[in-house]
Amino acid sequence: MNSLLIKNTSAVITCDSKDTVMEHANILINNGVISYIGPEAQTADETLDASGYLVYPGLINTHHHLYQTFSRNLPQVQNMELFDWLTTLYEIWKNLDQDVIYHSSITGMGELLKTGCTTCFDHHYVFPDGNSDALLDAQFSAAKDLGIRMYASRGSMDLSKKDGGLPPDSVVQNVEEILRK
């Protein structure tokens with residue numbers, strides 16, 4: 001049995017229906033499941049001293065575009081209006097591949113973990129040349145490597161520049177193709 005004791009917390013914020021805050025509590029985790037929260041001393045295979053720390057449940061980010069992490073600091077798109085920003089970045093995003101998606105996802109999810117988020121829900125909608133399965137697989141691989149929970153929704157675009165939309169043809173899919181995914 002793997003067990004972890006988080007001891008001597010300054011407070012445990014439970015986020016229960018009563019907004020309970022337990023001061024100077026210990027948390028015992030057995031096989032990845034919390035089995036005890038309270039003041040009594042416990043023993044475990046591993047112990048973390050949380051003196052001076054607040055402990056709270058993992059946060060959940062419910063809307064992310066992880067693939068955009070790699071392009072967020074490009075000087076040419078800073079301070080642009082939304083449609084100009086999108087039009088400029090679609091020309092970059094049309095070259096997305098598994099490697100870019102993996103590294104962009106691992107960076108974005110790593111930042112989430114550093115700030116207390118343990119679950120990420122990503123909205124990915126740019127699939128160059130219909131390459132959706134491989135790109136989503138790269139995201140899930142990054143999540144697995146980090147140990148973060150990740151859920152994904154698959155967005156899409158079916159109107160390119162030539163039809164009055166913003167994205168280039170290479171990231172647009174027809175409705176039949178979208179529905180097959």
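I13 versus T119, label points 7 Å from Cα toward the beta carbon: distance in nm?
In this crude spin-label approximation the distance works out to 1.7 nm.
Can you give me the distance in nm between label points at Y36 and S51, each placed 7 Å from the Cα along the Cα-to-Cβ direction?
In this crude spin-label approximation the distance works out to 2.1 nm.
How many lysine pairs does the chain hold where the Cα atoms are under 26 Å apart and the two sit 8 or more places apart or on different chains?
Lysine pairs, 8 or more places apart or on different chains, close enough: 10.
In nm, what is the difference between 0.36 nm times the number of residues separating H65 and D97 and their Cα-Cα distance?
10.0 nm
Hey, got the dipole for the chain? About the Cα centre, +1 on K and R Cβ, -1 on D and E Cβ, debye to the nearest 20?
Its charge dipole is roughly 140 debye.
Which one, G164, L136, H123, is farthest towards the positive end of the dipole of region 120-181 when Lys and Arg carry +1 and Asp and Glu -1 on their Cβ?
Of the candidates, H123 comes out farthest on the positive side.
What is the order of C15, C117, fewest Cβ neighbours within 10 Å to most?
C15, C117
Take the alpha-carbon centre of region 8-31, take the same for region 123-178, and report the distance between them in whole Å.
For region 8-31 versus region 123-178, the Cα centre distance is 40 Å.
Please report W93, W85 as a ranked list, fewest other C-beta atoms within 10 angstrom at the top and most at the bottom.
With the fewest neighbours first, W93, W85 line up as W85, W93.
Over the chain, with a Gaussian network built from C-alpha contacts below 10 Å, which listed residue (A44, A142, A134) shows the highest mean-square fluctuation?
Judging by the Gaussian network model, the answer is A44.
Can you compute 3J(HN,Hα) from phi for each residue in region 15-28, using the Karplus curve 6.51 cos²θ - 1.76 cosθ + 1.60 with θ = phi - 60°, rounded to whole Hz and x for Gly and Pro?
6, 7, 5, 9, 6, 5, 10, 9, 7, 6, 9, 10, 10, 10
State the antiparallel share, in %, of DSSP beta bridges confined to the chain, rounding to the nearest 5.
Around 45 percent antiparallel, to the nearest 5.
Based on the Cβ-Cβ distance from E111 to S141, what FRET efficiency comes out when R0 is 25 Å, to the nearest 0.05?
Calculated value: 0.90.
Which one is right for this structure if percent of Cα pairs over 31 Å apart is calculated from it: (i) 16; (ii) 36; (iii) 11?
(ii)
FYI, it's all coordinate maths here, none of it is from the lab. If you're wondering where the values come from, they're calculated on a predicted model, not measured in any experiment. Note: ideal-geometry Cβ built from the backbone for every residue, glycine included; neighbour counts use all protein chains shown.
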